[in-house]
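What follows is a short report on a single structure.
The values are calculated or read from the model by the stated rules, or taken from the named source; none is laboratory data. This one's a predicted model, so the numbers in the text were calculated from it and none came from an experiment. Every residue, glycine as well, gets a Cβ built from its backbone with ideal geometry; the counts of neighbours run over all protein chains shown.
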Amino acid sequence: MSDHAETLCDRAGAGDLEAASELVSLYYERIFAWFRRLCSNDDDAADLTQRTFFKVWTSLNSFQRRSTFSTWLHGIAHHVYVDWRRTNRPAEAQTDEWWEACAANGPSPFEDAAERDTARRLFALVERLEDGVREVVHLHYYQGLSLSETSEALGIATSTVKYRLREALDVLRSQTNEPKLRAV
């Protein structure tokens, strides 16, 4: 955990609302974006993000620092998502306009038509992956968590994370004919 996040975590745990607000500011967009990709719906993503931060604040005093705050937060978010999915809410297919409006790192999808088409195809292919594989892809590649952080957030072995990433890349490679897709 960075020194700044650790300090904020300590202060928030002691009841400092300003520190809690700053932690939300630091992590809200990442968690919202992750949920948005998983459930393909802005309203559900906002609701799940709120549920996650509610759970974080009600259990902040139990955070034992065995992992980074980010990993702990993503673990809680994962459990919130799993609970939500148990209510049998299938992910909804989204329009091209919705995917084009999704925030992305790097160049705008409108800067290069080929990149836009490839990104759309990859997003669609990732959404067809099995739930466990898709979550690993979202956490590792979209959220930027390390293999061990992804493992810890999902409560699975690092070897399982590696296996699922390899499985995802194999599926994506076979469906896109892209030999350049590599595991990180």
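Looking only at residues that are modelled with pLDDT under 80 and of a type in the set (Phe, Trp, Tyr) in the stretch 72-124, which one is surrounded by the most Cβ atoms within 10 Å (Cβ to Cβ)? Out of the qualifying residues, it is Trp99.
For the stretch 157-167, state whether one or more residues are modelled with pLDDT of 90 or more, surrounded by 17 or more Cβ atoms within 10 Å (Cβ to Cβ) and either over 17 Å from the mean Cα position of the chain (by Cα) or of a type in the set (Lys, Arg) (or both).
Initially, the stretch 157-167 is screened for residues modelled with pLDDT of 90 or more, giving 157-167.
Okay, now just the ones that are also surrounded by 17 or more Cβ atoms within 10 Å (Cβ to Cβ), so 161, 164-165.
Keeping just the survivors that are either over 17 Å from the mean Cα position of the chain (by Cα) or of a type in the set (Lys, Arg) (or both) gives 164.
The answer is yes, given that some residue of the stretch 157-167 is modelled with pLDDT of 90 or more, surrounded by 17 or more Cβ atoms within 10 Å (Cβ to Cβ) and either over 17 Å from the mean Cα position of the chain (by Cα) or of a type in the set (Lys, Arg) (or both).
Which of the residues spanning the stretch 1-33 are of a type in the set (Asp, Glu), over 23 Å from Tyr81 (Cβ atoms) and under 24 Å from the mean Cα position of the chain (by Cα)? Walk me through how you get there before you give the answer.
Initial filter on the stretch 1-33 (of a type in the set (Asp, Glu)): 3, 6, 10, 16, 18, 22, 29.
Pick out the ones that are also over 23 Å from Tyr81 (Cβ atoms) and you get 3, 6, 10, 16, 18, 22.
Correct list: Asp3, Glu6, Glu22.
Restricting attention to the stretch 135-156 and to residues that are farther than 16 Å from His79 by Cα and among the hydrophobic types (A, V, I, L, M, F, W, C), the residue that is surrounded by the fewest Cβ atoms within 10 Å (Cβ to Cβ) turns out to be Leu147.
Scan the stretch 26-56 for residues that are polar (S, T, N, Q) and under 18 Å from Gly144 (Cβ atoms) and the total you get is 2.
Considered as a group, the residues in the stretch 168-184 that are part of a loop (DSSP other than H, G, I, E, B) and not polar (S, T, N, Q) include one that is modelled with the lowest pLDDT, and that residue is Val184.
Being assigned to a helix (DSSP H, G or I) and either more than 30 Å from Asp96 (Cβ to Cβ) or at pLDDT 90 or above (or both) is the filter here; which residues of the stretch 141-153 pass it? Walk me through it before giving the result.
Our first condition is that a residue be assigned to a helix (DSSP H, G or I); within the stretch 141-153, this holds for 141-142, 147-153.
Result: Leu147, Ser148, Glu149, Thr150, Ser151, Glu152, Ala153.
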